[in-house]
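*Asks:* Below is one structure. I have some questions about it.
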Amino acid sequence: MSDEDSKPGGARAADGHVAPAEWPGYMTFDRPGWAALRANTPMTLAEDDLAALRGLQDPIGIADVEEVFLPLSRLLNLHVAAARQLGQVKDAFLGRPVKRPPYVIAVVGSVAVGKSTFARVLRALLARWPDHPRVDLVTTDGFLYPTRVLKERGLMTRKGFPESYDTAAMIRFLAAVKAGEPMVEAPVYSHLSYDIVPDAGQSVRQPDILILEGLNLLQVNPTSSVVVSDFCDISMYLDADEADVAAWYVQRFLLLQKTAFQNPSSYFHHYRDLSHDAAVETARGIWQTINRVNLHDNILPTRKRADLVLRKAADHTISEVRLRMT
């Protein structure tokens, strides 16, 4: 998504990784090199399972699971085991019963890059490992301020920007989950009403793993001593060329115009009768004035804080994986 990504990569090793000069501290794998790291990790998803997990426009297939997600789930399984061992050391030092706080995975990236589908597939695979069967998925949309508050603060055109989230509430939620509280409620967001659902919540009950999916999870706030990423054990950033993400956004808008926007309860119901050209122009305008600005100002600058950067090609397939080594 930036000029650095168009530069030629470094020398490619026999094991399928490269070391681009512009990515110091990362090992970069092409798809075959990453796929080889699956080792003997079994396939635990069938085509029917995958069909239920796909998003509106992300044509993820069995090959993607085998070559990208299974090596990733193997890596995460090893990380979870290591985190538990380290926790046992601390418990032994303190002379207290062994605790098993949830392992928190952050999934970050632009609007329309495919985070939701990615997170759902990852959750399904991780939940099939025998030693951490309880995996919850929470999206940070639930921590957006209600529409009433956003309107009062003049932030409706800044929805998705850091200031549109109740970050303090998100941090309290994560702190409670990490502390092992029996049940923690996360607020629920409706994409139909484009607002927080009143008197509704998602119950999180001591999961083995919590996947947190959102736009701004890797933000650093100079005015706060605690940030969201302090509670995340590992983070991954979904990356793609900006032109591809913009095209995916427009495609998604056109699809929603024919489906969800037709519902009278939809916040975007007023777009339902736009001509094709007008709908494309509207979607491009929203991308340029809101989502692209948020991407450049807030999301993209956090990319190199991620532990893994998974790069998507124009057809949505993940073609390259960068793994932080430092």
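Values in this text are rule-based calculations from the coordinates and carry no lab data. Everything numeric here is computed off the predicted structure, so don't read it as measured data. Don't worry about glycine lacking a Cβ; one is built from the backbone with ideal geometry, like all the others, and counts go over all protein chains shown.
*Asks:* State the extension gain, in nm to one decimal, for the chain segment bounded by residue 221 and residue 36, taking 0.36 nm per residue of separation less the distance between their alpha-carbons.
*Replies:* 62.8 nm
*Asks:* Under 5 Å between amide hydrogens, which residues at least 5 positions from residue 129 or on another chain qualify, with H placed 1.01 Å from N in the peptide plane?
*Replies:* It is none; the list stays empty.
*Asks:* Continuing with the same structure: Run lengths n ≥ 4 of DSSP H only: what is the helix-derived mean residue ellipticity at 222 nm for the chain, with -39500 (n - 2.57) per run over all residues, to the nearest 500? Present the calculation step by step, with values, prior to reporting the outcome.
*Replies:* Numbers: 8 runs with 95 residues, N = 326.
Computed ellipticity for the chain at 222 nm equals -9000 deg cm²/dmol.
*Asks:* Next up: At 7 Å along the Cα-to-beta-carbon direction for both residue 280 and residue 251, put a label point, then send me their distance in nm to one decimal.
*Replies:* Calculated label separation equals 1.5 nm.
*Asks:* What does the convex hull of the Cα atoms of region 167-248 come to per residue, in Å³, rounded to a whole number?
*Replies:* Output value, Cα hull per residue: 144 Å³.
*Asks:* Springs between alpha-carbon atoms under 10 Å, Gaussian network over the chain: tell me which of 225, 265, 235 tops the mean-square fluctuations.
*Replies:* 225
*Asks:* Turning to a different aspect of this structure: How large is ³J(HN,Hα), in whole Hz, for each residue of region 105-111 in order, when computed from phi with the Karplus curve 6.51 cos²θ - 1.76 cosθ + 1.60 and θ = phi - 60°, using x for Gly and Pro?
*Replies:* Ordered by residue, 3J(HN,Hα) equals 10, 9, 10, 10, x, 5, 4 Hz.
*Asks:* Related question: Once amide H atoms are placed 1.01 Å from N in the peptide plane, what residues at a sequence separation of 5 or more from residue 114, or on another chain, have their amide H within under 5 Å of its amide H?
*Replies:* Close amide H contacts, sequence-distant or interchain: none at all.
*Asks:* Relative contact order of region 3-324: what whole-number percent is it, with Cα pairs under 8 angstrom and at least 6 residues apart?
*Replies:* 22
*Asks:* So, one more: Could you go through region 212-225 in sequence order and give the Karplus-derived ³J(HN,Hα) for each residue, using 6.51 cos²θ - 1.76 cosθ + 1.60 with θ = phi - 60°, rounded to whole Hz, and x for Gly and Pro?
*Replies:* 10, 10, x, 8, 10, 6, 9, 5, 10, 9, x, 8, 10, 7
*Asks:* What are the ³J(HN,Hα) values, in whole Hz, obtained from phi via the Karplus relation 6.51 cos²θ - 1.76 cosθ + 1.60 with θ = phi - 60°, for each residue of region 84-94 in sequence order, with x given for Gly and Pro?
*Replies:* Taking θ as phi minus 60°, the curve returns 5, 4, 5, x, 5, 4, 5, 4, 5, 4, 7 Hz for region 84-94.
*Asks:* Then there's this: Determine, from the Cβ-Cβ distance of residue 315 and residue 86 and an R0 of 30 Å, the FRET efficiency 1/(1 + (r/R0)^6), rounded to the nearest 0.05.
*Replies:* 0.15
*Asks:* What spacing in nm lies between the two simple spin-label points modelled at residue 176 and residue 54, each 7 Å away from Cα in the Cβ direction?
*Replies:* Simple spin-label model gives 3.8 nm for this pair.
*Asks:* Let me ask something additional. How many lysine pairs in the chain, separated by 8 or more positions in sequence or lying on different chains, have Cα atoms less than 26 Å apart?
*Replies:* 17
*Asks:* Hey, another quick one. Scan around residue 320 for amide H atoms under 5 Å from its own, H built in the peptide plane at 1.01 Å from N, and keep only partners 5 or more places away or cross-chain.
*Replies:* Correct list: 311.
*Asks:* Something else about it: Sorted from fewest to most neighbouring beta carbons within 10 Å, what does the list 79, 191, 270 look like?
*Replies:* 270, 191, 79
*Asks:* Among 62, 211, 171, which comes first, second and so on when ranked by fewest other beta-carbon atoms within 10 Å?
*Replies:* 62, 171, 211
*Asks:* Using the number of other C-beta atoms within 10 angstrom as an exposure proxy, rank 233, 277 with the fewest first.
*Replies:* On the way: 233 19, 277 8.
Ascending Cβ contact count within 10 Å gives the list 277, 233.
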